[in-house]
Structures are given as structure tokens and as C-alpha cells.
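A.B. asks: My questions will all concern the structure given below.
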Amino acid sequence: VVAWMKQEMRVMLNEEIARAILIGDGREVMAEDKINEQNIRPICRDDELYAHKVTVASNINPATLIERMIRERKNYKGEGKPTLYTTDEILIDMLLIKDKVGRRLYNTETELASALRVKEIVPVEPMESIPELLGIFVNLNDYSLGADKGGQI
């Protein structure tokens with residue numbers, strides 16, 4: 001039971017670290033458990049020098065959003081193909097786009113990912129807490145993660 005609990009706690013810690021890397025930990029600045037953003041700087045709030053930000057209208061339709069993402073993809077300066085991190089709602093809206101005959105434009109996530117020029121699309125549930133954030137294009141291999149003092153948490 002102890003080994004299972006330790007493994008479960010490690011999975012939860014890894015999820016928290018991943019959330020902090022993408023969007024921050026979501027806690028108030030004065031919270032005791034707040035992850036210091038000098039130690040883990042969220043990609044969505046990174047400096048313009050490192051993260052190209054695109055602003056779109058809040059009522060943008062999914063087809064226009066895809067077109068905008070494809071056009072702005074030229075500003076991505078990372079290595080290799082990035083991954084798109086987004087919410088399930090945005091992903092579903094993009095997958096349900098139909099042509100004038102009523103056929104879906106993208107039958108699978110793989111087809112949509114290919115159109116967006118990304119390696120894969122990953123739904124991230126905690127991104128739903130930030131409605132103005134529609135997605136993050138990033139190759140996490142461009143970032144370095146590590147620990148100090150022999151890997152202490």
C-alpha cells in the first residue's frame with residue numbers, strides 16, 4: 001500500500017509540475033503552496049522574446065481560429081514540430097467543422113494536427129480555468145527541466 005501511495009503522490013506531483021510549466025499553478029500569489037514563478041515560469045505568461053502571443057476575438061468561430069493558428073504558426077521559432085495544448089472544448093469545436101455539403105473537414109485528431117502543422121494535440125483540462133487562453137504551441141524539448149540537491153523535490 002505504501003508503494004502504491006508513493007507512486008500515486010508522484011503522479012499527482014508530476015501533473016502539478018506540468019500545469020505550472022504550461023499555465024501556472026492557479027494559486028493566489030500569497031498562498032503558502034504557490035509555486036514560485038521564478039523557478040517554474042509558465043509558458044503562457046513568458047516574455048514576448050520567448051513566446052509569441054496571438055490575440056483573437058473572444059467570439060471567433062473554429063474555422064477562423066484554425067486559419068489564424070496556421071497563419072501565425074510561421075512565428076513559432078522552436079525546434080521541430082510543436083505540440084498544441086488546448087481544451088477539450090476547443091478541440092471538439094475544431095473537429096466538428098463541416099464543409100458546405102455537411103461533411104466534416106477533419107475526421108480525426110491526427111488530420112487536424114497535420115493541418116495545424118503540429119506533432120499532436122493534447123487536451124489540458126486545467127486550461128479551462130483560463131477562458132482567454134485558447135491554446136499553446138510548444139515543443140517541450142526546447143525547455144530544460146531539472147532539480148537541485150540531487151533531485152530533491
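The values are calculated or read from the model by the stated rules, or taken from the named source; none is laboratory data. Keep in mind the model is a prediction, meaning the values are calculated, not measured. Glycine gets a Cβ as well: all are built from the backbone with ideal geometry, and neighbour counts include every protein chain shown. The area values use the complete protein model at the heavy-atom level, side chains included, leaving out ligands, DNA and RNA. Shrake-Rupley method; radii C 1.70, N 1.55, O 1.52, S 1.80 Å.
A.B. asks: Return the total of residues in the range 18-36 being among the β-branched types (V, I, T) and without any contact (Cβ under 8 Å) to a residue 40 or more places away in the chain.
C.D. replies: Keep residues of the range 18-36 that are among the β-branched types (V, I, T), which gives 21, 23, 29, 35.
If we keep only those that are without any contact (Cβ under 8 Å) to a residue 40 or more places away in the chain too, we end up with 29, 35.
Residues flagged as among the β-branched types (V, I, T) and without any contact (Cβ under 8 Å) to a residue 40 or more places away in the chain within the range 18-36 amount to 2.
A.B. asks: Have a look at I136, I121 and point out the one that is within 10 Å of the chain's Cα centre (by Cα) and free of Cβ contacts under 8 Å to residues at least 60 places away in the same chain.
C.D. replies: I121
A.B. asks: Output the number of the condition that A113 fails; it satisfies all remaining conditions of (1) in contact with an Asp or Glu (Cβ under 9 Å, 6 or more places away or on another chain); (2) among the small types (G, A, S); (3) open to solvent by 40 Å² or more (accessible area, probe 1.4 Å); (4) at pLDDT 90 or above.
C.D. replies: (3)
A.B. asks: Mind listing just one residue for me: the one in the range 44-96 that is out of contact with any strand residue (DSSP E or B) (no Cβ under 7 Å at 6 or more places or on another chain) and among the β-branched types (V, I, T) and, of those, least open to solvent (accessible area, probe 1.4 Å)?
C.D. replies: I66
A.B. asks: Counting only residues that are farther than 20 Å from I60 by Cα, open to solvent by 40 Å² or more (accessible area, probe 1.4 Å) and among the hydrophobic types (A, V, I, L, M, F, W, C), how many does the range 123-146 have?
C.D. replies: Count: 2.
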